Structure formats: structure tokens, C-alpha cells
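The values are calculated or read from the model by the stated rules, or taken from the named source; none is laboratory data. A quick note: this is a predicted structure, and the numbers were derived from the prediction, not measured. FYI the Cβ positions are ideal-geometry reconstructions off the backbone, even for glycines, and counts take in every protein chain you see. The accessibility values were calculated without ligands, DNA or RNA, using every heavy atom of the protein model including side chains. Shrake-Rupley method; radii C 1.70, N 1.55, O 1.52, S 1.80 Å.
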Amino acid sequence: MDHIVVVGAGMAGLSVAESLRDGGFEGRITLVGEEPHLPYSRPPLSKEFLTGKGGQAAQEQGVWLRETAQLDALELDLRLGRRAQRLLPGQRRVELSDGAALTCDGIVIASGARARAPATELAGVHVLRTLDDAKELREAMAGVDRIAVIGAGFIGAEVAASARTLGLEVALIEAASTPMTRAIDPRVGTVLTELHRDNGVDLRLGAGVVGFDSGPGHNRVERLRLSDGSTVTAPLVVAGLGVELNTDWLADSGVRLDPDLGGVQCNAHCETSLPGVFAAGDIASWPHPRYGGRLRLEHWTNASEQAEVAAHNLLAGAGSKREYTPVPYFWSDQYGGKVQLLGQAAPADEVEFVHGSPESRKFVAFLGRAGRLVGVLGLRSTPKVMRYRPLLAAETTWDEALAAAAG
Ligand SMILES: Cc1cc2nc3c(=O)[nH]c(=O)nc-3n(C[C@H](O)[C@H](O)[C@H](O)COP(=O)(O)OP(=O)(O)OC[C@H]3O[C@@H](n4cnc5c(N)ncnc54)[C@H](O)[C@@H]3O)c2cc1C
């Protein structure tokens with residue numbers, strides 16, 4: 001192999017490039033990124049970056065994933081500010097928006113996701129996915145005393161928490177019955193409801209936004225109409241409505257997309273339906289034997305861990321490929337505490353609080369399915385949660401796990 005093209009210069013794309021070098025690949029690596037920035041970290045964007053904790057300049061410095069010297073050492077052919085437009089079927093050839101065409105021996109798809117757009121063109125309605133989004137939002141938040149956040153998924157919940165830290169009034173609107181329902185079962189999620197309310201958030205659950213109103217004579221948002229007939233007045237709205245996956249450039253390429261989870265459908269080796277074309281990060285789904293089905297995770301840790309396996313397998317011979325079988329991990333910082341989920345959660349799981357309690361807003365809960373421990377969920381209990389990772393990796397039985405927690 002002489003030339004590998006990595007599409008997407010986020011956490012997954014950068015990790016692929018680093019892992020290729022760590023794996024001894026000395027050929028050309030072209031890293032293509034649509035955004036004009038060097039690879040940066042998204043998690044701070046809804047947290048310290050918004051609040052400016054420790055100083056705005058420090059926060060701006062803190063988002064870069066690597067220093068320039070570290071990037072230089074990778075000897076990348078870095079093509080920033082341009083997109084991969086097309087992957088040609090049957091050829092390892094990627095066409096870029098600047099007219100360049102890259103012929104290569106291997107490709108890694110790490111083009112991630114973009115924020116789902118809200119159904120309005122009104123000014124004052126923001127999304128948060130990119131560094132530029134975060135800069136705009138931070139500036140806009142400095143000029144208001146009240147915001148409305150649509151969607152209490154982890155981005156919406158974190159924006160609400162950051163806005164409260166800044167002293168803004170916050171209305172948080174969520175169609176489901178508790179926050180963060182994609183990751184956290186409503187039986188445990190009620191504690192997050194209380195957490196927002198403890199911190200003075202006007203949390204509207206079970207109601208969707210059905211209309212955006214501007215004031216007379218201007219096109220700036222002023223009021224949201226909700227499905228329960230109520231309204232929320234706010235000069236600034238943040239829509240945390242989830243993501244759209246960046247698969248458009250793969251149309252007609254022959255790369256199979258996942259009909260259920262969206263994104264690119266990979267096998268257990270992170271390889272797509274086209275040999276020599278791998279995928280990693282938010283965009284990639286793959287079969288995970290421990291959970292009996294396919295997963296696609298929008299988690300920071302997954303982006304780097306999956307990238308590492310994809311890079312290894314791209315270089316590996318047929319007999320030395322590795323299966324990707326991580327213990328999924330996700331965290332979210334809200335109101336000075338961490339919400340963490342190791343493993344997987346599903347609505348029918350057994351739930352047992354093994355340390356602390358929801359009332360104390362500090363706990364570790366075990367999630368069980370079919371007699372096994374499948375997830376560990378924690379609030380403000382960081383070291384304790386991480387201690388149980390080996391139990392999840394070993395598929396420990398429910399009874400053994402409970403005994404380990406008690407011991
Ligand atoms: C505000 C925010 C806070 C978060 N906080 C947490 C957290 O606390 N904990 C956690 O576990 N996870 C968190 N996440 C999720 C985590 O950041 C993502 O899972 C991770 O960024 C995924 O990395 P990725 O490289 O797969 O995709 P991305 O980060 O989406 O990167 C993909 C890159 O590819 C580029 N691209 C897209 N299409 C093309 C194309 N055709 N050609 C070239 N380039 C292209 C995009 O512009 C983008 O820069 C957060 C995400 C956000 C947005």
C-alpha cells in the first residue's frame with residue numbers, strides 16, 4: 001500500500017491517521033476535511049467552551065486535538081476546507097470539491113455527522129456541532145438573558161446546564177417524558193429531570209415545538225409554540241435535534257448504508273461492503289457480538305477506538321484482522337457532575353442502584369438483561385463507574401456483578 005485516503009478530519013479521521021503511523025505505515029496519508037480547521041475536539045463545545053470557564057482564550061486553545069508539531073510529525077497530506085464529493089464505484093478514487101481526484105490503495109470513511117437543521121429560517125435559532133457553531137452561539141448568548149433549548153438529548157442538556165452557569169434563564173423543551181432518553185432509561189432519567197429543575201431550568205417535558213414565531217416587522221425568533229398549546233418566549237433558541245449522517249458523497253459508490261441505524265454498514269472488522277474501504281466513528285455501524293446486533297455510536301471514545309481497529313485492519317493481512325468489540329462508553333457533563341454510561345441500555349433492562357441513590361443525585365446503577373450485566377450508569381460517581389468496565393467486558397452474570405458491587 002502506498003496511499004491511504006481518510007475522509008473526515010475529526011476525532012475518528014485523525015485517530016485513523018495516527019494509528020496508521022503507529023502501525024508502521026510509511027506511505028502517503030491524505031486526510032480530507034470539509035471544515036477549514038485543524039482537527040479539534042467537540043465535547044468542550046457544549047461545556048467549558050460555551051461558559052468560557054478558565055478564560056475564553058484558554059478554552060479556544062483547549063479545543064485543538066493535537067499541537068501543530070504533533071500533526072507535522074504524522075507527515076499528512078492535509079486537505080482542509082474541501083469536501084470529498086464522490087467515491088467512484090469500483091475504483092479507489094475520491095473526487096474532491098476543489099477538482100482534485102485522489103487515487104489510492106485504501107480508504108477510511110470518517111465523515112461523521114452534522115446537526116439536524118430546525119424547521120425554520122428565522123434568525124436567532126442555532127445548532128451546535130462545529131467550532132464555528134459554538135463561536136456563534138457563545139457570542140449570541142452573551143447578548144441575551146434567556147434562551148430556549150429544543151431537545152434534552154445530551155447536547156441540549158449540556159447547553160441548558162452551560163447557560164445556567166452563565167446565569168441565563170433557560171427553558172428546555174423535550175418531547176419525551178425524561179431527558180436523554182436515547183441513552184438513559186426513563187426510570188433513571190427522572191433523576192435528570194430533577195437535576196435540571198434543581199438548577200432552575202424551566203423543563204417542559206412531553207411537548208414538541210410546532211411553530212417558531214418572530215416579532216412584527218423582523219425575522220428574528222421571539223416565541224416558540226408547543227404541541228401542548230403553551231408557548232415559550234426567548235430571543236435565542238438552540239435546536240438539539242440530533243444529527244444527519246454525512247453519507248451524501250457516497251451515493252452510487254457501492255458502499256452499503258445501514259437501512260436501520262443509518263450510516264455506513266461495516267462488518268466486525270470495520271470494513272464496508274467495498275473491500276479496502278473501511279469506516280469509523282459516528283458514521284459507522286457494525287455487528288457487536290456482546291449485544292446481539294448492530295450498533296452505531298455517536299460517542300467520543302468510540303470514534304478513537306473504532307478508528308484504531310479500522311486502521312489496524314486496513315494494514316493487516318487476512319489472518320490478523322481484529323474484531324471490534326468495545327465496551328461502549330459515553331459521558332456528559334452537566335451542572336458540575338458527570339453522567340456516564342458504560343455498555344448499553346435498553347428499555348426492558350433490569351435496573352439496580354448499587355451505590356448511592358437518585359434522591360442524593362449521586363449513584364451507580366447496574367443494568368441487566370437475560371441474566372447478564374449489560375450496562376453501568378452513573379451520576380457524579382466517576383471512579384466507581386469505570387471500575388466496572390472489566391465486568392462488562394467479561395459478560396459477568398447479573399448475580400456475580402451484584403455480588404462484586406456489594407463486596
Ligand atoms: C457539542 C458536542 C458535544 C459532545 N460531547 C460529547 C461528550 O461529552 N461525550 C461523548 O462521548 N461524546 C460527545 N460528543 C460526540 C463526539 O464529539 C462525536 O461522537 C465525535 O466527534 C465523532 O467523531 P467523528 O470523527 O466520527 O465525526 P465528526 O466529529 O462529525 O467529524 C467528521 C468530520 O468530517 C467532515 N466531513 C463530513 N463530510 C465530509 C466530506 N464529504 N469530505 C470531507 N470532510 C467531511 C466534517 O466536517 C467533520 O469535521 C459531542 C458532540 C458534540 C457536537
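Beta-bridge orientation, the chain: approximately 60 percent antiparallel, per DSSP, counting only bridges with both partners inside. Highest GNM mean-square fluctuation among Ala234, Ala119, Ala345, for the chain modelled with Cα contacts below 10 Å: Ala119. The heavy atoms of Thr181 present about 60 square angstrom of accessible area, all protein chains included, probe 1.4 Å.
Taking the chain, how many lysine pairs are there with alpha carbons less than 26 Å apart, if each pair must be eight or more places apart or span two chains? Number of lysine pairs found: 11.
At q = 0.19, 0.24 Å⁻¹ the log10 of I(q)/I(0) for region 336-406 amounts to -0.66, -1.05, computed by Debye summation with a single uniform scatterer per C-alpha, solvent ignored.
Using all pairs of distinct alpha-carbon atoms, the Kirkwood hydrodynamic radius of region 117-239 works out to 14.5 angstrom. Cβ under 13 Å from Thr301's Cβ, Thr301 left aside: what net charge do those residues give with Lys, Arg +1 and Asp, Glu -1? Net local charge, Thr301 excluded: -2.
Residue order by solvent-accessible surface for Lys338, Lys47 is Lys338, Lys47, largest first, with ligands and nucleic acids left out and a 1.4 Å probe. Here the translational diffusion coefficient of the chain follows from Stokes-Einstein with Rh set to the Kirkwood radius across Cα pairs; for 10 °C and 1.306 mPa s it amounts to 71 µm²/s.
Reducing region 254-329 and region 146-209 to their Cα centroids gives an inter-centroid distance of 32 Å. Across the alpha-carbon atoms of region 258-314, the computed radius of gyration and Dmax are 10.2, 27 angstrom. Note on Glu121 and Ala175: the model spin-label points, each 7 Å out from Cα along the C-beta direction, lie 2.4 nm apart. If I build a Gaussian network model for the chain, linking alpha-carbon pairs within less than 10 angstrom, which residue out of Gly153, Gly263, Gly200 has the largest mean-square fluctuation? Taking springs between Cα atoms under 10 Å, the residue moving most is Gly200.
Label reach from Ala316 (point 7 Å along Cα→C-beta): in region 256-290, amide nitrogens under 18 Å belong to 266-281, 285-290.
Mind giving me the FRET efficiency for Asn219 and Leu166? R0 is 25 Å, r the Cβ-Cβ distance, nearest 0.05 is fine.
My answer for the efficiency is 0.45.
Secondary structure note: in region 117-239, about 35% of the DSSP beta bridges are antiparallel.
Over the chain, DSSP H runs of length four or greater, each weighted -39,500 (n - 2.57), average out per residue to a 222 nm ellipticity of -7000 deg cm²/dmol. When each of the peptides 292-303, 10-21, 347-358, 162-173 is scored by how many other beta carbons lie within 10 Å of its residues on average, the order from highest to lowest is 10-21, 162-173, 292-303, 347-358.
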